[in-house]
Amino acid sequence: MEPTRDCPLFGGAFSAILPTGAIDVSDLRPVPDNQEVFCHPVTDQSLIVELLELQAHVRGEAAARYHFEDVGGVQGARAVHVESVQPLSLENLALRGCCQEAWVLSGKQQVAKENQQVAKDVTLHQALLRLPQYQTDLLLTFNQPPSSLGPENLSPPPWSRGEFEQLVTSLTLHDPNIFGPQ
């Protein structure tokens, strides 16, 4: 089992600590250039880091809700339910120097997998880090489908919310040129 590691993201422009066993999905299938996607080797859990255009028309908690509902729309969710939205302390973030506000949202979306009719409740934890000087909303998503809550003796065990929080707080910007000319 490989240890938790500081992993380069977006060609080294960022790095973050990923949970044990994270598999880079781009090694398995095409992933959009604005995303880094990782999956758990045993469960259906996934982690997504996305660079999105700043949605300046929404602020605060409403911005976190906006992105959660937008993801639900893209995934064809039949229902979306926000359970909580909390501000995230900037002092805990490696990106505190360029992040103006941060939010953590937890909720459920009712989503059917490709080629399946039955929709299942998927728990999502999202962190929204707003970088207005780069016209960017950084969205980190932790997907926890019901099947990911398997036996505790899985190797490696299912990822925890704490591991997601470590990803969020460790995310570090190394090369601002990723955002284009400023």
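The values are calculated or read from the model by the stated rules, or taken from the named source; none is laboratory data. These numbers were taken from a predicted model, which means no experiment stands behind them. Heavy atoms of the whole protein, side chains included, go into the accessibility calculation; ligands, DNA and RNA do not. Shrake-Rupley method; radii C 1.70, N 1.55, O 1.52, S 1.80 Å.
Details
- Solvent-accessible area per residue for the chain (1.4 angstrom probe, square angstrom): 51
- Residue-averaged 222 nm ellipticity for the chain, from DSSP H runs of 4+ at -39500 (n - 2.57), nearest 500: -4000 deg cm²/dmol
- Along each principal axis, Cα extent of the stretch 1-140, largest first, Å: 43, 36, 24
- Here the accessible area is traced with a 1.4 Å probe on the protein chains. For the stretch 6-148, carbon and sulfur cover 47 percent of it.
- Whole-Hz ³J(HN,Hα) from phi, Karplus 6.51 cos²θ - 1.76 cosθ + 1.60, for the stretch 71-84, glycine and proline x: 4, x, x, 4, 7, x, 4, 7, 7, 10, 9, 7, 8, 7
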